[in-house]
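Computed from the coordinates by the stated procedures, all read-outs in this text should not be read as laboratory data. Predicted, not measured: the structure shown is a model, and the values here were computed from it. Neighbour counts are summed over all protein chains in view; Cβ atoms, including those assigned to glycine, are modelled from backbone coordinates with ideal geometry.
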Amino acid sequence: EKITDKINALPKDANYFSLEFFPPKTQQGFANLHSRLSRMSHSLRPLFVNVTWGAGGSTSEKSLALAELTQRQLGLTTCLHLTCTNMSRKLIDEALENARVLGVKNILALRGDPPRSEEYRLNGTGDGDDEDDSNKDFTWAADLVRYIKMKYRDYFCVGVAGYPEGHSDQSHPDNQSLDSDLPHLIEKTKAGADFIMTQLFYDVKAYQNYEALLRNHESGLFTNIPIIPGLMPIQSYQILRRTTKLSHAKLPPDILARLDRVKSDDEAVKRVGVDIISEMVESIKQSTTKTPRGFHFYTLNLEKAVAHVLERCSLIPTLTPADATSDDPDDVAVVE
Ligand code: FAD
């Protein structure tokens, strides 16, 4: 099912959420994730799940195997990420076709991070001695959105990445500024993007400003499009410092102070982390006027922290009798 159809079918005042997973490297890791996912799909009931894609197609087989598990075996609406730099057109075609065959109807269209960024970005073709020069077609995520829409029309619901902290460039001069980034989000949306999913952030104000800016944008492009804020539950102090550094997400001083106070106690960091993320969710719920409201969680394939946040914020949808029967084929047989 398409994510946008599912969102449109929700009651007006509903909240929904998605969970992101990456394909494990080993068979054992895959088996562990399989049982975790079965459990999480029943107990948490996300509207959809995301499966990440390794830049340049490095995880293509494993990402597709994970998408097969989530979409086909577990019956979860799946959004497959797909990057386009350093990917031949052939690889992109294969990925899209495989996704279609699996019944995946949602793609998050991304640029990905080129291996040799500046040089690559300027000539767009990688090494130069690469026989397959089809990368020229795909320099930016907008190129991929355009390609998917041209080739598959409306078969796929296509999402794109948004970066809320373009706003706070004054305190972070190294960050992309929103002024330079917004035209590209406009381009991606004009190319046919159906929803926007954001980079992780801890600065709720920055997100709220970003959402307001998009919603009120004079183009009208963002008036109705789902904008899904990306939140990363806090698993440990070290992981938090590393991921915020990598993503250029600002850690507001009050959040940092609360975590600094307990940083030597892993359990306490997790507990305070659940408080922090839950407060972020509640605050976004309050400020977001466009409903239904969505939240995306970067799970890092872990269950507990996100489960606590979802429970605390009452984001887990109640099970209807129809869900209970359709979830379990044996039950359906009994009813019939
Ligand atoms: P684009 O929208 O193409 O933008 C990239 C940069 O180029 C922007 O700074 C923009 O300002 C600039 N730009 C865009 N178009 C033009 C143009 N025409 N001319 C000049 N400049 C331009 N990466 C992975 O490898 N795998 C994943 O699974 C993955 N999942 C992600 C999920 C989310 C929700 C997010 C937010 C990011 C994810 N990423 C993933 C990371 C992403 O690939 C990187 O952030 C990448 O650097 C940018 O991708 P993009 O799609 O935003 O690119």
Query - Taking the range 177-336 and dividing mean pair separation by its residue count, relative contact order in percent (alpha carbons under 8 Å, at least six apart) - result: 24 percent
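Restricting to Cα pairs below 8 Å that are 6+ residues apart, what does the relative contact order work out to for the chain? Please round to a whole percent. Intermediate values should be presented prior to the final figure.
On the way: 532 pairs, mean separation 63.8, N = 336.
Worked out over the chain, it gives 19 percent.
Give a quick list of trypsin sites (Lys or Arg not before Pro) in the range 1-110 that DSSP marks as loop, anything other than H, G, I, E or B, with at most 11 other Cβ atoms within 10 Å.
Values: sites: Lys2, Lys6, Lys12, Lys25, Arg36, Arg39, Lys62, Arg72, Arg89, Lys90, Arg100, Lys105; in loops: Lys2, Lys12, Lys25, Lys105.
Loop-located and lightly packed - Lys12, Lys25.
Of Lys151/Lys285; Lys263/Lys290; Lys188/Lys270; Lys12/Lys304; Lys190/Lys250; Lys151/Lys250, which sit over 31 Å apart, Cα to Cα? Can you show the working numbers first?
Details: Lys151/Lys285 37 Å; Lys263/Lys290 37 Å; Lys188/Lys270 36 Å; Lys12/Lys304 29 Å; Lys190/Lys250 29 Å; Lys151/Lys250 38 Å.
Beyond 31 Å: Lys151/Lys285; Lys263/Lys290; Lys188/Lys270; Lys151/Lys250.
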Report task. Please check which bits of the range 183-225 a label hung off Asp254 would reach, taking the label as a point 7 Å along Cα-to-C-beta and the cut-off as backbone N under 17 Å. Result -> 202-209
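Ala193: net charge of surrounding residues, Cβ under 11 Å, Lys/Arg +1, Asp/Glu -1, itself excluded? Kindly include the intermediate steps, with their values, before the conclusion.
Numbers: positive: Arg146, Lys149, Lys188, Lys190; negative: Glu187, Asp194.
Within the 11 Å Cβ shell, the charges total +2.
Given the DSSP H assignment, sum -39500 (n - 2.57) over each helix run of at least 4 residues in the chain and divide by its residue total; what's the result at 222 nm in deg cm²/dmol, nearest 500?
Values: 14 runs with 153 residues, N = 336.
Helix contribution divided over all residues of the chain: -14000 deg cm²/dmol.
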Query raised in the report: According to a simple spin-label model (label point 7 Å from Cα along Cα-to-Cβ), what is the distance in nm between Tyr152 and Ser43?
Result: 3.2 nm
Query raised in the report: Over the Cα atoms of the range 185-251, what Rg and Dmax result, in angstrom?
Result: 13.9, 41
Query - Calculated on alpha-carbon atoms, Rg and Dmax of the chain in Å - result: 19.9, 63
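For the pair Ala212 and Ser247, what calculated FRET efficiency results from E = 1/(1 + (r/R0)^6), where r is the Cβ-Cβ distance and R0 = 22 Å, to the nearest 0.05?
0.55
Evaluate the relative contact order of the range 173-261 (contact order divided by residue number), counting alpha-carbon pairs under 8 angstrom at least 6 apart; express in whole percent. List each step's numbers first, then the result.
Working: 61 pairs, mean separation 30.2, N = 89.
It rounds to 34 percent for the range 173-261.
What does the extension gain come out to for Leu10 and Val262, with contour length at 0.36 nm per residue minus their alpha carbon separation? Before the final figure, lay out each step's value.
Working: separation 252, 0.36 × 252 = 90.72 nm, distance 3.96 nm.
Additional length available on full extension: 86.8 nm.
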**Report entry** Environment charge at Gly220 (Cβ cut-off 14 Å; Lys +1, Arg +1, Asp -1, Glu -1)
**Finding:** +2
Query - Charge tally in the Cβ shell below 12 Å around Ala141, where Lys, Arg are +1 and Asp, Glu are -1, Ala141 excluded - result: -1
